[in-house]
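I have placed the structure first, in the form of structure tokens, so that the comments after it can refer back to it.
The values are calculated or read from the model by the stated rules, or taken from the named source; none is laboratory data. All of these numbers come straight from a predicted model, not from anything done at the bench. Every residue, glycine as well, gets a Cβ built from its backbone with ideal geometry; the counts of neighbours run over all protein chains shown. Just so you know, the surface numbers come from the protein's heavy atoms only, side chains and all, with ligands and any DNA or RNA stripped out. Shrake-Rupley method; radii C 1.70, N 1.55, O 1.52, S 1.80 Å.
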Amino acid sequence: MDFKALLAEEKNLGKNAAAAYRVDAFEKIDRQLDSIKDEEKLMELREEAKKASEENKDSLILVYVAERILISLRPHEYSMRLNNLLLTFYEAGNWDVVKYIGALILSHSESSKALRVLADVAEHQGDEERKWEYYERFVKADGSDKEIIVALADHYEEKGDRKAAMRQGSRRYSRAS
């Protein structure tokens with residue numbers, strides 16, 4: 001993988017690369033990484049990407065390469081850097097890339113951070129059904145956010161699903177103690 005070319009492409013995106021990136025850039029990297037079957041070579045590539053990202057602290061794409069390799073080889077390991085990358089694209093309003101990276105994270109674990117961000121993106125895009133799906137999963141993954149629990153209970157109440165509303169309500173009250 002040519003990190004210099006990736007950095008040059010990133011630089012050409014301008015000052016706000018997080019807003020300018022498109023999903024196809026990440027898909028291209030994923031295809032390249034998926035073609036490498038030797039885990040040792042992947043780990044060497046990850047180390048190179050980490051080193052290059054330390055030398056190029058503002059590079060988003062190098063962080064993605066390193067963390068994409070890590071999540072594919074060790075999906076059980078929590079990736080704070082991948083979650084932070086997700087937040088960077090979220091703050092830039094780049095919903096397509098947020099959904100892409102969020103799906104990658106969720107394909108390996110029920111990350112409450114990714115679920116919350118994806119719910120917010122669904123809301124921004126007017127996809128109410130998906131928003132509530134993400135909130136339901138979020139509450140199952142991390143039932144400590146009373147605001148979301150209440151919103152979910154209210155949502156089910158409005159839909160006429162008293163059983164689901166009560167289930168959320170019981171979560172609300174069981175977390176309060």
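Give the cross-link partners of residue 159 among the lysines, using a straight C-alpha distance below 19 Å as the criterion and excluding same-chain residues fewer than 8 apart.
131
Based solely on C-alpha atoms, express the radius of gyration and the Dmax of the chain in angstrom.
Calculated on Cα positions, Rg and Dmax stand at 18.7, 57 Å.
Report, to the nearest 10°, how far helix 128-141 tilts away from the longest principal axis of the Cα atoms in the chain, using its own Cα long axis and a range of 0 to 90°.
Taking Cα atoms only, the helix is inclined about 90 degrees.
What is the helix-to-structure angle for 80-91, meaning the angle in degrees between its Cα long axis and the longest Cα principal axis of the chain, kept from 0 to 90 and rounded to the nearest 10?
For 80-91 against the chain, the angle is about 80 degrees.
With the cut-off at 1.5 for a/c, could you classify the stretch 72-144 from its C-alpha gyration tensor as rounded, prolate or oblate?
On the way: a/c = 1.94, a/b = 1.20, b/c = 1.61.
Cα axes put the stretch 72-144 in the oblate bin.
For the stretch 21-85, what are Rg and Dmax over the alpha carbons, in angstrom?
Answer for the stretch 21-85, Rg first and Dmax second: 11.3, 29 Å.
Relative contact order, percent, of the stretch 1-138 when contacts are C-alpha pairs under 8 Å separated by at least 6 residues?
On the way: 134 pairs, mean separation 28.3, N = 138.
Normalised by residue count, the contact order of the stretch 1-138 is 21 percent.
Would you compute, from DSSP H runs of 4+ residues alone, the mean residue ellipticity of the chain at 222 nm, taking -39500 (n - 2.57) per run and dividing by the full residue count, rounded to the nearest 500? Working shown, then result.
On the way: 11 runs with 137 residues, N = 177.
After summing the helix terms and dividing by residue count, I get -24500 deg cm²/dmol.
Calculate what fraction, in whole %, of the accessible area of the stretch 1-83 sits on carbon and sulfur atoms when a 1.4 Å probe is rolled over the protein chains. Don't jump to the answer; show the numbers that get you there.
On the way: 2490 of 5100 Å².
With neighbouring chains kept in place, the figure for the stretch 1-83 is 49 percent.
Stretched out fully, how many nm does the piece from residue 1 to residue 44 gain, at 0.36 nm a residue minus the Cα gap? Write down the numbers at each step before the final one.
Numbers: separation 43, 0.36 × 43 = 15.48 nm, distance 1.13 nm.
Gain on extension, residue 1 to residue 44, equals 14.3 nm.
What ranking do 5-17, 125-137 get when scored by the average of other Cβ atoms within 10 Å per residue, highest first?
So the peptides 5-17, 125-137, ranked by packing, come out 125-137, 5-17.
Can you give the accessible area of residue 81 in Å² (nearest 10), computed on protein heavy atoms with a 1.4 Å probe?
Its heavy atoms expose roughly 90 Å² to the probe.
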